[in-house]
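Below is one structure; the comments refer to it alone.
Since every read-out is calculated from the coordinates, none of them should be taken as a lab result. Owing to the predicted nature of the structure, the values given are computational and were not obtained by experimental measurement. Methodologically, a virtual Cβ is constructed for each residue, glycine included, from the backbone with ideal geometry; neighbour enumeration extends over all protein chains shown.
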Amino acid sequence: MLNIIFMAVQFFFTIIIGIYFLGQLKGQRSDKEGINEDSKHVMERLNAMRKISLTEPLTEQTRPVSLSEIIGQREGVEALKVALCGKNPQHILIYGPPGVGKTAASRVVMEYAKQSEGTPFKKDSKFIEVDATIMQFDERSIADPLIGSVHDPIYQGAGAYGAAGVPQPKEGAVSKAHGGILFIDEIGELQPTQMNRLLKVLEDRKVKFESAYYSSTNKNIPRHIHDVFKNGIPADFRLIGATTRSPEEIPPAIRSRCTEIFFNALKKEDILKIIDNTVVKLGIELDDECRDFICRYCSNGRDTVMMLQTLASKLELEKRTKALKKDIEWVVDSGRYNQIYEYHINDGYSIGRVNGLAVTGSGNGIVIPIEVYSEKCEKRHEGTVKCGGITENETIERGQQTFSRTSTARTSVENVMTALKAVCGIDTENYNIHINIPGGMPVDGPSAGIAIFVCCYSAILGRMISNKIAFTGEISIKGDVLPVGGVDAKIEAAKNAGADTVIIPKSNYSEKFLNKKINVIAVNNISEILDWIYNREENKSAYEYSASQHDLASAKKE
């Protein structure tokens, strides 16, 4: 009797279990059918989308495809070829203003490198391009599109691997670039942690992963994942980092591993070449007046191409191919383009006014007019010094420390006052001196030192200076002229503005300046500057004449 009851109970539970598994099987079939049906609809939509294509964007049509189309960067492109082509391509950092061809040149030279003899690059080597400003990074390593990350099973979306407790390594851009080039635009914007991980990858040439969910003895983990955790994912590539920052702002650790290349700001003739190349590709016509008008508003290739693309679209809508000046004016107004400031040096002589030279954050040289007014104060040793247009204080960041100090521009003014007294015997405390650098933006940096000195000397003693001279160099309290940066760009800016002479520190002189088509004078101290300006025989008659004219004008005024 007990056996019968036991068998009945066993039979009952067998039926229940059978019904349960039957339901599970039907559910799986139902889920699979639902997934298949959903997949079918998605594939139909994807195929329909793939049948739709627009015309090639104008940006693609106008993109440089050969070395000859990279305008204004002959030396930079040559340096890229040297660094990338051959048996041992190097990691590279490219400095330069935005829109001057850093990315385009890298792409083109990469294709050139594939053809070079002995190159390790293959025909199918990839050029992976990423932007550091949008590389989302998670400190917990949940996501890192640059280096790669591990998708642990507890995270949403782990799928079948998650249910089995299997961690999934996800490769990043460094692995996708294996065997080719990884181009990181604005590399200076990478977070410190990302930069350190990138340096580790450059050393190891592979990416190593870790996870608390990984066990080398877990037989449920697929073989390829065991291999990844044991050996890592290959990441042997060459890095090209582009930045608009200055070299001092890039971590020394990454700079020490890279060849540094500098791209120039574009000149007017470069912009004109870009215009000519682009209008051919766009199939439109421009006269010289239109070309010159565009140059007033565009200082780089990107802005130039964008303006011409807008112009081409306008002409196409109006069924025309030739642009008029009013068409360019409409593009400028609609795009809110700002006119480029151009400083032009006038002929003649001035008292208390000179041309200083500086470099912008993008590496462009600029001419900065400096003006000084001086008058003797009524009481001895009660003179004042006022400054306008310079940065008075600056904040410096060094690692984890931040501190403030008097700006280098303000320090230059103080050095000038001391040098005037110590070297020239001028007691500046007996004068009210007002130094001004017009332009709206405060100027910082020590390189205006000798320009401020000469300007103050001229204003205090009433001695004229040729408007055709430009100055750059730091000054010490003993009157020594110290080296500064960006001299090439400054000389170019002075020449373009109409100067015929540039006075620079002796330490910055190079024989290549002989080809600049402008007189470059190198000096060691302020005595040499004053001697060159006032005591050279070829200058004497002009300065004496200008001084007599000034005295005559002053007498008439009185």
#### Entry: Residues with amide H under 5 Å from that of residue 522, placed H, sequence gap 5 or more
504
### Task
May I ask for the net charge around residue 482, where only other residues with Cβ less than 14 Å from the Cβ of residue 482 are counted and Lys, Arg are +1 while Asp, Glu are -1?
-1
### Query
If one computes the Cα centroid of region 456-520 and of region 281-306, what distance in Å separates the two points?
33 Å
### Task
Using packing as a proxy for protection, rank 268-275, 315-322 so that the peptide with the highest average count of other Cβ atoms within 10 Å comes first.
268-275, 315-322
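Given 325/517; 102/208; 273/325; 176/267, which pairs have Cα atoms separated by over 26 Å? Kindly include the intermediate steps, with their values, before the conclusion.
Values: 325/517 33 Å; 102/208 31 Å; 273/325 19 Å; 176/267 37 Å.
Those over the limit are 325/517; 102/208; 176/267.
Mind scanning 322/516; 126/512; 376/478; 170/281; 87/206 and naming the pairs with a C-alpha gap bigger than 30 Å? Walk me through the numbers on the way to the answer.
Values: 322/516 37 Å; 126/512 38 Å; 376/478 24 Å; 170/281 41 Å; 87/206 21 Å.
Going by Cα-Cα distance, 322/516; 126/512; 170/281 fall outside the 30 Å limit.
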### Message
What whole-number distance in Å separates the alpha-carbon centres of region 86-134 and region 197-229?
### Response
29 Å
### Message
Under the rule of at least 5 residues apart or a separate chain, name every residue whose amide H is placed under 5 Å from the amide H of residue 168.
### Response
151, 152
### Message
With a cut-off of 8 Å between alpha carbons and a minimum separation of six or more residues, what is the relative contact order of region 268-335 in percent?
### Response
39 percent
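Ordered by packing density, taken as the mean number of other Cβ atoms within 10 Å over each peptide's residues, highest first, how do 429-439, 103-113 rank?
Details: 429-439: 17.5, 103-113: 20.7.
Ranked by mean Cβ neighbours within 10 Å, highest first: 103-113, 429-439.
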### Task
Could you tally the net charge around residue 263, taking each other residue with its Cβ under 12 Å from the Cβ of residue 263, Lys/Arg +1 and Asp/Glu -1?
-2
### Task
Please give the net charge around residue 185, taking every other residue with its beta carbon less than 13 angstrom from that of residue 185, where Lys and Arg add +1 and Asp and Glu add -1.
0
### Message
Sort 214-220, 143-149 by packing, meaning the average of other beta carbons within 10 Å per residue, with the highest value first.
### Response
143-149, 214-220
### Task
Provide the per-residue ³J(HN,Hα) series for region 207-224, in order, calculated from phi with Karplus coefficients 6.51, -1.76, 1.60 and θ = phi - 60°, each as a whole number of Hz, with x at glycine and proline positions.
10, 9, 10, 9, 7, 5, 8, 8, 9, 5, 9, 6, 6, 6, 7, x, 4, 5
## Note on the structure
Phi-derived 3J(HN,Hα) across region 519-535 with the Karplus relation (6.51, -1.76, 1.60, θ = phi - 60°), rounded Hz, x for Gly and Pro, is 6, 10, 10, 9, 10, 9, 8, 6, 5, 5, 5, 5, 5, 5, 5, 10, 10
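Run the dipole for region 420-532 about the Cα centre, Lys and Arg Cβ at +1, Asp and Glu Cβ at -1, nothing else charged, and hand back the magnitude in debye, nearest 20. Mind dumping the intermediate values first?
Working: 10 positive and 11 negative charges, 61 e Å.
That gives a dipole near 300 debye.
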### Summary
Whole-Hz Karplus couplings 3J(HN,Hα) for region 459-470, θ = phi - 60° and coefficients 6.51, -1.76, 1.60, Gly and Pro as x, run 5, 5, 8, x, 9, 7, 10, 5, 5, 8, 9, 10
### Task
Provide the gained length on full extension for the span residue 253 to residue 281, in nm with one decimal, where the gain is 0.36 nm per separating residue minus the Cα-Cα distance.
5.8 nm
### Task
Return the long-range amide H neighbours of residue 285 (sequence gap of 5 or more, or a different chain), with a cut-off of under 5 Å between placed amide H atoms.
322, 323
